[in-house]
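Working notes, beginning with the structure itself.
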Ligand SMILES: Cc1cc2nc3c(=O)[nH]c(=O)nc-3n(C[C@H](O)[C@H](O)[C@H](O)COP(=O)(O)OP(=O)(O)OC[C@H]3O[C@@H](n4cnc5c(N)ncnc54)[C@H](O)[C@@H]3O)c2cc1C
């Protein structure tokens, strides 16, 4: 089913749990780590021809995988799709590049505009698709073009007026993002690095350490803090089996060894219902459910 150029890249029944922050969920029926855009195009085209759905896994910080896993092809972008290159006030970043590395490279080049995102885990592709950000300052406002592969395997490039970013959403859900072009502001390395470090210090105080199995359960609503909503609904320390809201870091769920995707979903639904009853605000889940 996969053509000879890419067949050796494809593994079957690859466990996905170790690749995700929650470390929950079943395997991918097919899994590949393409190193080039050409390999990515070929894999997606072959999958389309075989009627196989394709998903891209970035840093796995915003996905919840069900126990049955993914009955399709999961791609993790490597090689040339992790490159980072500065050109005047632009940063060209591969979709698989680490977001933290992209922010650091921009800071070292004295380019401002991404430094407030320091500390958000994951990849450039994941951040742009999820339009990740801090309150209303999201990554999408700095994106000038996105290149990738459409679901039928054809290459595509969207420029500014074809891109749509809204709060934690984009119109990029149906493509594999292989490269992102950011338009940034000229500053100095010292100034951007200083701002990046202060953003990082603030974030470290508000989010759990990297070795804990956590996820941000909800999109933080614009009208009030998630902390206030959880308190209003009496849900700040709610739990479901082996999944609990973190009392220390409001809005984050923490899971332990025996946790299941169903417990995570049940807790998210219960909290959303309680918050809506108490406040009338409809919380939207942040996690992408696979
Ligand atoms: C401790 C912690 C703190 C967080 N803080 C914040 C925060 O402050 N602000 C915020 O907005 N979010 C935050 N998040 C959520 C999450 O980190 C972000 O949404 C992040 O940008 C997701 O990137 P990722 O690479 O991990 O994506 P993944 O979780 O791997 O994927 C998320 C979605 O993006 C898609 N995707 C990933 N890469 C690509 C690609 N190359 N092409 C096409 N689709 C792709 C996936 O298919 C999936 O649908 C936090 C999460 C954690 C665990």
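Just a few scattered comments:
- Fraction of the pair-distance distribution of segment 82-206 above 26 Å, Cα-Cα pairs, percent: 15 percent
- By average C-beta atoms within 10 angstrom, highest first, the peptides 100-107, 125-132, 257-264: 125-132, 100-107, 257-264
- Among beta bridges from DSSP that stay inside segment 4-79, the antiparallel ones total about 35%.
- Percentage relative contact order, segment 4-79, counting C-alpha pairs under 8 Å, at least six apart: 40 percent
- With Rh defined as the Kirkwood radius, the inverse of the mean 1/r over Cα pairs, the Rg/Rh of the chain is 0.97.
- The chain, relative contact order [Cα under 8 Å, separation at least 6], %: 17 percent
- Computed lengthening from residue 49 to residue 202, 0.36 nm per intervening residue step minus Cα-Cα distance: 50.3 nm
- Difference of contour (0.36 nm per residue) and Cα-Cα distance, residue 210 to residue 281: 22.5 nm
- The distance linking segment 53-105 with segment 194-241 is 23 Å (Cα centroid to Cα centroid, whole angstrom).
- Gain upon complete extension [residue 141, residue 174; 0.36 nm per residue less C-alpha separation]: 9.9 nm
- Normalised contact order of segment 70-179, rounded percent, pairs of Cα under 8 Å and 6 or more residues apart: 23 percent
- Most tightly packed first, judged by the mean number of other beta-carbon atoms within 10 Å of their residues, the peptides 202-211, 47-56 read 47-56, 202-211.
- Note on residue 3/residue 23: beta-carbon distance plugged into 1/(1 + (r/R0)^6) with R0 of 35 Å gives a FRET efficiency of 0.60.
- Taken along the Cα-to-beta-carbon direction at a fixed 7 Å, the label points for residue 68 and residue 257 span 2.8 nm.
- Legend: calculated FRET efficiency, residue 195 to residue 223, from the Cβ-Cβ distance at R0 = 30 Å, rounded to 0.05, equals 0.65.
- Where only C-alpha atoms are counted, convex hull volume of segment 214-289 per residue in Å³: 76 Å³
- Euclidean distance between Cα centres, segment 2-36 to segment 110-161, Å: 23 Å
- Kirkwood's formula applied to the C-alpha pairs of segment 31-145 gives a hydrodynamic radius of 15.2 angstrom.
- A crude spin-label estimate for the pair residue 289 and residue 237, with each label 7 Å from Cα along the Cβ direction, gives 2.8 nm.
- Considering only the chain, percent of DSSP beta bridges that pair antiparallel, nearest 5: 80 percent
Each reported figure results from applying straightforward, stated rules to the coordinates on display, with no laboratory input. As the structure is a prediction and not an experimental result, all values here were calculated from the model. Don't worry about glycine lacking a Cβ; one is built from the backbone with ideal geometry, like all the others, and counts go over all protein chains shown.
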